[in-house]
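A short write-up of the structure that comes next.
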Amino acid sequence: MRALLDRLTNPVHLAVAIACTWLVASSPWVGMYHGLADATGFINLSHVVLGWATLPLGLLYLAACTLGGRWRLYFPWLAGNFGDAGRDLAGLLHGRLPGSEGGGLFATIEGLLLLTFLATALSGALWCLHPSADAAIVWRGHHVTAAHGFVALFALHGVAVSLHLLDFVRG
């Protein structure tokens, strides 16, 4: 199972990154409130279909990132380990770039990004599944809140990847 997950990790990461980029970029034009209209446009339909597709992809990626003790890399705070991320933050204040290895700041950002990604996908699915308008509106609110957290962490992840690439080119 571990070998299969290792082979799938990079393609799933790429698929999730592309899907999330489209979902975030198209979200200002999504015109749904408590359900799809009869004459659903391309943006709305693609957002819903792609959103549904990201849920199993996200769960698969979560499995790849957590099985076999790997959860400690992305979620070190679950084991009470705040030291590596704290050292990375202190290093940033002194102009040092954090490393991309281990359970440091960049890995913690990735783990939190994964959690907000799954929260966004799950809340979007629950929004779609609720038949009552009142419940759908509540789940829409949860979805929008999760999506805002996701976008902030997605941007931080982009900065972290850029800094890692810069460090790689320099070094």
Item checked: Sorted by Cβ density within 10 Å, fewest first, the residues 169, 138 -> 169, 138
Item checked: Length-normalised contact order for the stretch 2-170 - Cα pairs under 8 Å, 6+ apart - percent -> 22
Margin query: Among the complete DSSP H segments of the chain, which ones combine at least 20 Å of alpha-carbon extent along their axis with a mean Kyte-Doolittle hydropathy of -0.5 or more?
Written below: 2-26, 42-66, 105-129, 133-170
Margin query: Quick check: pseudo-label points 7 Å beyond the Cα along Cα→Cβ at residue 161 and residue 8, how many nm apart are they?
Written below: 2.1
Item checked: Theoretical ellipticity at 222 nm over the chain - DSSP helices of four or more residues, -39500 (n - 2.57) apiece, nearest 500 -> -26000 deg cm²/dmol
Next item on the list: Report the calculated FRET efficiency for residue 134 and residue 71 (r = Cβ-Cβ distance, R0 = 30 Å), to the nearest 0.05.
Entry: 0.25
Next item on the list: Could you list 168, 150 in order of exposure, starting from the residue whose Cβ has the fewest other Cβ atoms within 10 Å?
Entry: 168, 150
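Coordinate-derived values only; no laboratory data. As the structure is a prediction and not an experimental result, all values here were calculated from the model. FYI the Cβ positions are ideal-geometry reconstructions off the backbone, even for glycines, and counts take in every protein chain you see.
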